[in-house]
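Structure first, commentary second.
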Amino acid sequence: MSRNFKVGLFVTIAILTTTFTFYFWQIFKTPNLQVDKQTNFALLIPETATYQTVLDSLKKHDVINDHISFRFLARLLSYSEKLKPGRYVIKPNTSNYEAIKKLISGNQDAVKLTFNNIRLKEDLIARIGSRFEFGEDNFRKALSDPAVCAKYGLDTLTIVSMFLPNTYDIYWTTGTEKFLDRMHSEYKKYWTDEKVAKAREIGLTPVQVSILASIVEEEQARKVDERPKVAGLYINRLKAQMPLQADPTIKFALQDFAIKRILNQQLLINSPYNTYVNTGLPPGPIRVADFNSLDAVLNYDKHDYVYMCAKADLSGYHAFATNYTDHLNNARMYQAELNRLKIMK
């Protein structure tokens, strides 16, 4: 074997080695997912997913730049045999190796669940169910099942009181039962022995506090600082066994939340939520009450007011009264302003 041949063979091998090394480096390290994009992509892999399902999802959302290199490395790392369900966030300019290594590890990214301003149970179902693998139908079924609700000491009308508006990190694959267990755990964290004792002093259970808080929040959504005063008024009415006469409960009973002016005939609706006809609290919350509203009830303002109506200046605050005569004067001024503005319903 001549010297020139040996040199040529060495050079050829060196070139091929360098070429293949560079090619493999590109396959492993070069950005290939979400290339030049500004946002993350959340890849959802259900329990029933296959390797092809994952590839189809990545293709559908235009996540992969070079499909051949991704498939090559996925096969090399035996990803199809190590598929794990979950929610995996893929950042801009992620390499094949980074992505596949993450998928194989099963190190999924939690859903950052935030919910607030929830009025109806169906709204809660849509907001939460759509964010997790269990879906809206399974979540609806659970919240409508008396046995499931009874597990947490609640019923199908009061179950919404267990959900406290906040931000939670929860895995997408979390099952319905485990999700409800988590919400109940957060509920119990709020309801410390001290808070339960405060509720008992008022003559209410934690569930009743949630129901009253929901009414307070609907009555005073804008001016949080007035909620303890509103709560005090309703507690005065409860103690005096007077109907709460809370307009928000009429809107809830009518399922019409756009009403700005309650009419006399609407006050006659046959509903357990009609607090003009029925004394005491309605059978369930009329919204998912937030922490401010719950605290407003537990730390209500002590006063003698038993009447209120919206202020005529439309500031968002209420005019309070201890007697019906003063209340009628306040109400006439407010109604006159509504008439002036031609707000009739």
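The values are calculated or read from the model by the stated rules, or taken from the named source; none is laboratory data. Because the structure is a prediction, the values reported are computed rather than measured. Ideal geometry is used to build each Cβ from the backbone, glycine not excepted, and the neighbour counts take in all protein chains shown. Note: areas computed on protein heavy atoms with side chains; ligands, DNA, RNA excluded. Shrake-Rupley method; radii C 1.70, N 1.55, O 1.52, S 1.80 Å.
Annotations
- From helices alone, the chain scores -15000 deg cm²/dmol at 222 nm; the rule is -39500 (n - 2.57) for each run of n ≥ 4 DSSP H residues, then divide by the residue total.
- Given charges at Cβ of Lys, Arg, Asp, Glu: the chain dipole, positive-most of Val148, Ala74, Gln208: Ala74
- Per-residue ³J(HN,Hα) for the range 151-162, Karplus 6.51 cos²θ - 1.76 cosθ + 1.60, θ = phi - 60°, Hz, x for Gly and Pro: 4, 9, x, 10, 10, 5, 8, 9, 4, 5, 5, 6
- Highest average packing first - 34-40, 108-114, Cβ atoms within 10 Å: 108-114, 34-40
- Normalised contact order of the chain, rounded percent, pairs of Cα under 8 Å and 6 or more residues apart: 14 percent
- Surface/4 estimate of mean projected area, convex hull on alpha-carbon atoms of the chain, nm²: 25.6 nm²
- Cross-link partners for Lys189 among the lysines, with Cα-Cα distance under 16 Å and sequence neighbours closer than 8 places in the same chain left out: Lys198.
- Computed as a quarter of the hull surface, the mean projected area of the alpha carbon convex hull for the range 177-257 stands at 6.9 nm².
- Straight-line cross-link reach from Lys188 at under 16 Å between alpha-carbon atoms covers these aspartates and glutamates, not counting any fewer than eight positions away in the same chain: Asp290, Asp295.
- Bridging of Lys342 to aspartates and glutamates at a Cα separation below 16 Å is possible for Asp313, once same-chain residues fewer than 8 apart are set aside.
- In order through the range 318-332: 3J(HN,Hα) via Karplus (6.51 cos²θ - 1.76 cosθ + 1.60), integer Hz, x for Gly, Pro: 10, 9, 9, 8, 9, 9, 5, 4, 5, 4, 4, 5, 4, 5, 4
- Computed FRET value (nearest 0.05) for Lys84 with Ser185, which takes r as the C-beta separation and R₀ as 25 Å: 0.45
- Per residue, the chain exposes 55 Å² of accessible surface when a 1.4 Å probe is rolled over the protein heavy atoms with every protein chain present.
- Accessible-area value, Met333, 1.4 Å probe, nucleic acids and ligands omitted, Å²: 110 Å²
- Fraction of accessible area attributable to carbon and sulfur, the range 229-291 (%, probe 1.4 Å): 49 percent
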